[in-house]
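J.: Take this structure first; my questions come after.
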Amino acid sequence: MKIKYQGNDEETAATTVAAFLSGKGVNAKTAIVEYDGEIYGAEADLSALPINEGAELNVFNIVSGG
Amino acid sequence: MSANTYLKDEERQILESATVGIAGAGGLGSNCAAHLVRAGLKRLVIADFDVVSKSNLNRQFFFRDQLGLKKVDALSENLRRIEPDLDLVLHDVRLTPVNARTTFENCQIIVEALDSADAKSMLLGALLPMGKPIVSASGLAGWGRSRTIGQRRIGKNLILIGDTTSDIRNGLAPVSPRVGIAAAMEANAVVALLLDKEI
């Protein structure tokens, strides 16, 4: 399945956003996930979010400092 | 009359009647609040549980004679030195997923100005479902690299300021110039949103 991840084309066999991000080593608990224009915060259950052909997925790290 | 004498009447009306929430009164929140008051806002809801300590004075809008004071009280005092006629709602509280929603329920826009990544993530997770615009910051520690501090609109309601990588947990200090840039960008985004300008 082809998706766009961080602006780049990617081929993936992952079926959920959680599985895809886990494969990328992303800790979604300290990140903001944008999937097809919708935002998913730390409390979101990304294992219930299926990956769809042509989807756009972006991840923004939340780091400490303020 | 607000602190900003340069406003057009319609801009003044919008900014003076807006209520903006600020989650955290540290390096981001205290400086962002000062920018918002100087820009012409008068109604702020500010939440922070901490007291002013010596390590805060390298970047936060507090003074040496305020050491030991509650940050919300010290910030209120300082903001009123800019503009006495302010409507400030102060919450001396540690924000949780539950109280964050009630604390900011009357705000049009909320500024995330917390310190730790866990607290930031918690707050965004709690507030995003409210459907209000949120201006957040991630990645502002260290020196230099000013142009790496970006601004992104994520989804419909989140504006994220910062480089998303410069983490104080990687040994980078939070220091005034870069924290101040991010705080000013947060305030700038809030004013632009209120005035329906390009952020």
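Throughout, read-outs are computed from the coordinates displayed, never taken from laboratory work. Just so you know, these numbers come straight off a predicted model, no measurement behind them. Note: ideal-geometry Cβ built from the backbone for every residue, glycine included; neighbour counts use all protein chains shown.
J.: Over 32 Å between Cα atoms, which of B:8/B:54; A:4/B:120; A:2/B:197; A:4/B:71 qualify?
T.: On the way: B:8/B:54 40 Å; A:4/B:120 26 Å; A:2/B:197 36 Å; A:4/B:71 44 Å.
Checking Cα-Cα distances, B:8/B:54; A:2/B:197; A:4/B:71 exceed 32 Å.
J.: As a check on your grasp of the helix formula, calculate [θ] at 222 nm for chain B: sum -39500 (n - 2.57) over DSSP H runs of n ≥ 4, divide by the residue count, round to the nearest 500. Spell out each step's value before the answer.
T.: On the way: 6 runs with 71 residues, N = 199.
-11000 deg cm²/dmol, from helical runs alone.
J.: Any idea which of B:133, B:175, B:69 is furthest toward the positive side of the dipole for chain B, if Lys and Arg beta-carbons carry +1 and Asp and Glu beta-carbons -1?
T.: Of the listed residues, the answer is B:175.
J.: Between residue B:54 and residue B:143, 0.36 nm times their residue separation minus their Cα-Cα distance comes to what? Display every interim value, and only then the final one.
T.: Values: separation 89, 0.36 × 89 = 32.04 nm, distance 2.04 nm.
Between residue B:54 and residue B:143, full extension yields an extra 30.0 nm.
J.: Among B:140, B:15, which comes first, then next, by fewest other beta-carbon atoms within 10 Å?
T.: Values: B:140 32, B:15 22.
Fewest-to-most Cβ neighbours within 10 Å comes out as B:15, B:140.
J.: Then there is this: Label-point separation (nm) for residue B:93 and residue A:38, each offset 7 Å from Cα along Cα-to-Cβ?
T.: With each label placed 7 Å out from Cα toward Cβ, I get 2.9 nm.
J.: Now for a separate question. Could you work out how far apart the two model spin labels at residue B:151 and residue B:67 are, taking each label as a point 7 Å from the Cα in the direction of the beta carbon, and quote it in nm?
T.: If labels sit at residue B:151 and residue B:67, their model points lie 3.7 nm apart.
J.: Could you check which residue among B:28, B:128, B:95 shows the biggest mean-square fluctuation in a GNM of chain B with a 10 Å Cα cutoff?
T.: B:128
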